[in-house]
1. Quick one: which of 17, 25 is more than 16 Å from the ligand (Cβ to nearest atom) and of a type in the set (Gly, Ala, Ser)?
2. I need the full set of residues from the stretch 78-106 which are touching a Phe, Trp or Tyr at 6+ places or on another chain (Cβ under 9 Å), in a loop (DSSP other than H, G, I, E, B) and of a type in the set (D, E, K, R), in order please.
3. Give all pairs with beta carbons closer than 9 Å in which a residue from the stretch 151-162 that is closer than 15 Å to residue 137 by Cα meets a residue that is of a type in the set (Lys, Arg); count only pairs at least 6 apart in sequence or on separate chains.
4. State yes or no: is residue 158 part of a helix (DSSP H, G or I) and over 25 Å from residue 92 (Cα atoms)?
5. Give me the pairs: first residue in the stretch 75-99 and within 24 Å of residue 50 (Cα to Cα) and surrounded by 16 or more Cβ atoms within 10 Å (Cβ to Cβ), second residue charged (D, E, K, R) and at pLDDT 95 or above, beta-carbon distance under 8 Å, and six or more apart or on different chains, which are they?
6. Between a residue in the stretch 122-143 that is more than 19 Å from residue 169 (Cα to Cα) and any residue that is aromatic (Phe, Trp, Tyr) and more than 6 Å from the ligand (Cβ to nearest atom), which pairs come within a Cβ distance under 9 Å, given they are 6 or more apart or on different chains?
7. If the requirement is being under 19 Å from the mean Cα position of the chain (by Cα) and at positive phi, which of these qualifies: 27, 22?
Amino acid sequence: MTKVKICGLKERQHVQAAVEIGADAIGFVFAPSKRRVTVEQAQQLVKHVPNGVLKIGVFVNPSAEELRTAVEGVPLDYVQYHGEESPEFISQQGYPAIKALSVRGAEDVQMAANYDVDYYLFDAPGTDFKGGSGHTFDWTLLEMVGIPREKLILAGGLQAENIEEAVSLVSPSMVDVSSGVETDGVKDIAKITAFIQAVKKGRA
Ligand SMILES: O=C(O)c1ccccc1N[C@@H]1O[C@H](COP(=O)(O)O)[C@@H](O)[C@H]1O
């Protein structure tokens, strides 16, 4: 059963739509991004996220204080580390953790072995920001990854049109999308619907 994370939500109506359509996780970006939200904004948005839907905060090289404020203040279920955070820093924070790795080549995939986290997220390298580029990477590089599929999250340029192929090749535990459910930089409820339905169709 592949789970779906809809990331980079900033508007109440998009959060409500994503959970109603069947998202398993909602992502809030606290890192530099056109999708960035404050802790105060996220606190308002999570009022529309029911129990059972994961609330994930996306950070890039955060300080311990920044993390504590968001994890406790929102509150968040998982921290997604999307920068160059060290294995030691992540384990010292003690939060349920997702480590994102930007994949240019096989050596980036092998970096996963250095981390002891709940999930490993593989994404394309960012352009303007560290993530959310809308670009895909070579999914076949994940064939060599020696981590269990139930700990693997696939991201990067996913959309309704390519998600079936991606899930079939990678068999991730969760898929994560941001740009692929937007039109002109704004979340698009029709695209969110098409994406979630395409993943759920593959679950049958
Ligand atoms: O979405 C962002 O703006 C973002 C900014 C900084 C770090 C991570 C970000 N999002 C993550 O990027 C990937 C892929 O997004 P896309 O579907 O290719 O647009 C995903 O893991 C988001 O959580």
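The values are calculated or read from the model by the stated rules, or taken from the named source; none is laboratory data. Values in this document were obtained by computation on a predicted structure and should not be read as measured data. When we count neighbours, we look across all protein chains shown, and the Cβ atoms used for this are built from the backbone with ideal geometry, even at glycine.
1. None of the other options fit; the residue is 17.
2. Once the filter is applied, which keeps residues that are touching a Phe, Trp or Tyr at 6+ places or on another chain (Cβ under 9 Å), in a loop (DSSP other than H, G, I, E, B) and of a type in the set (D, E, K, R), the stretch 78-106 yields 85, 104.
3. 153/3; 153/5; 155/5; 159/191
4. So residue 158 does not fit the description; no.
5. 76/55; 77/55; 78/55; 78/118; 81/99; 97/118; 98/118
6. From the stretch 122-143, the pairs are 125/137.
7. 22
For (1) within 11 Å of the ligand (Cβ to nearest atom); (2) within 22 Å of residue 174 (Cα to Cα); (3) out of contact with any Lys or Arg (no Cβ under 7 Å at 6 or more places or on another chain); (4) of a type in the set (S, T, N, Q), each residue gets a yes or a no:
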residue: 30; (1), (2), (3), (4): yes, yes, no, no
residue: 37; (1), (2), (3), (4): yes, no, no, no
residue: 60; (1), (2), (3), (4): yes, yes, no, no
residue: 63; (1), (2), (3), (4): no, no, yes, yes
residue: 75; (1), (2), (3), (4): no, yes, yes, no
residue: 79; (1), (2), (3), (4): no, yes, yes, no
